[in-house]
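Taking it in order: structure first as structure tokens, then the write-up.
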Amino acid sequence: MPENRCDVLVSCGDLPDEVILKASQRVKCSRILAVKGNHDGSAPFDERITDIHLRTVNIGGVTFGGFGGSWKYKPKGYFLFEQSEVSAALETFPHVDVFVAHNSPSGIHDKEDGVHVGFSAFTSYILDRHPKVLLHGHQHSNQMTSYVGTKVLGVYGRRTVVLDEHGEMVVSGL
């Protein structure tokens, strides 16, 4: 991104609001979309950050939506969900072009550590609703996988994603 600017800044969770806002200033971006991660506290986002957990937002003809948190791998904490809770929540969630999540879809970018395990409901969502892109954090790796036409992008750190006029994704920094 030669101008060091962007139209939309997206956070996949586990980042303090101050870090998100500083990044938005650095890239001259006023549209900030985010979901919470399993290490985030219960406080709402700063008013300049739009929480897209189970919400949709249309920006320039691209529909974004998301789901925060990870699977409930410990008894207490914020943004921890059972697989069945995520399935119920996404049952009627509409199609989006870009699905933003903290956790990955089950079977895609999972780790075998008992903590970094994806949601089966995300995999089902991809099969049923066919988003163009699913962005996720949580797995601490930068990977891109194509799954039945959806580009699943694991983000650890910063990535630049460009959607062209056909909705095709170009990623830098992988």
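The values are calculated or read from the model by the stated rules, or taken from the named source; none is laboratory data. Keep in mind that what you see is a predicted model, and the values were worked out from it rather than measured. Virtual Cβ from ideal backbone geometry, glycine too; neighbours counted across all protein chains shown. SASA here: full protein model, heavy atoms, side chains in, ligands and nucleic acids out. Shrake-Rupley method; radii C 1.70, N 1.55, O 1.52, S 1.80 Å.
A few comments on the model shown:
- Subset of the range 52-78 [on the phi < 0 side of the Ramachandran plot, open to solvent by less than 20 Å² (accessible area, probe 1.4 Å) and part of a loop (DSSP other than H, G, I, E, B)]: Ile52, Gly68
- Annotation: Leu174 fulfils all but one of (1) in contact with a Ser or Thr (Cβ under 6 Å, 6 or more places away or on another chain); (2) surrounded by fewer than 22 Cβ atoms within 10 Å (Cβ to Cβ); (3) modelled with pLDDT under 95; the unmet one is (1).
- Qualifying residue in the range 16-24 (condition: surrounded by 15 or more Cβ atoms within 10 Å (Cβ to Cβ) and either among the charged types (D, E, K, R) or more than 19 Å from Val161 (Cα to Cα) (or both)): yes
- Filter result for the condition that a residue is open to solvent by less than 70 Å² (accessible area, probe 1.4 Å), part of a loop (DSSP other than H, G, I, E, B), within 19 Å of Leu134 (Cβ to Cβ) and at pLDDT 90 or above, over Val96, Val10, Val117: Val96
- So Ser104, is it farther than 15 Å from Gly68 by Cα, in contact with a Gly (Cβ under 6 Å, 6 or more places away or on another chain) and open to solvent by less than 50 Å² (accessible area, probe 1.4 Å): no
- Screening Ile49 against (1) open to solvent by 40 Å² or more (accessible area, probe 1.4 Å); (2) closer than 22 Å to Val96 by Cα; (3) without any contact (Cβ under 8 Å) to a residue 60 or more places away in the chain leaves a single unmet condition, (1).
- Reported count of residues in the range 16-51, each being at pLDDT 95 or above, outside any helix (DSSP H, G or I) and either within 20 Å of Phe93 (Cβ to Cβ) or among the hydrophobic types (A, V, I, L, M, F, W, C) (or both), is 10.
- Residue tally, condition within 13 Å of Gly118 (Cα to Cα) and outside any strand (DSSP E or B), over the range 80-93: 5
- Of the residues contained in the range 18-33, one or more are found to be out of contact with any Lys or Arg (no Cβ under 6 Å at 6 or more places or on another chain) and within 25 Å of Thr123 (Cβ to Cβ).
- Residue check, His140 open to solvent by 60 Å² or more (accessible area, probe 1.4 Å), closer than 18 Å to Val35 by Cβ and without any contact (Cβ under 8 Å) to a residue 60 or more places away in the chain: yes
- Looking only at the range 120-137, and only at residues there that are in a loop (DSSP other than H, G, I, E, B) and open to solvent by 20 Å² or more (accessible area, probe 1.4 Å), the one that is modelled with the highest pLDDT: His130
- Residues in the range 146-164 that are without any contact (Cβ under 8 Å) to a residue 60 or more places away in the chain and open to solvent by less than 50 Å² (accessible area, probe 1.4 Å): 4 in all.
- Condition check for Ser87 on (1) at pLDDT 90 or above; (2) closer than 26 Å to Ala23 by Cα: one failure, at (2).
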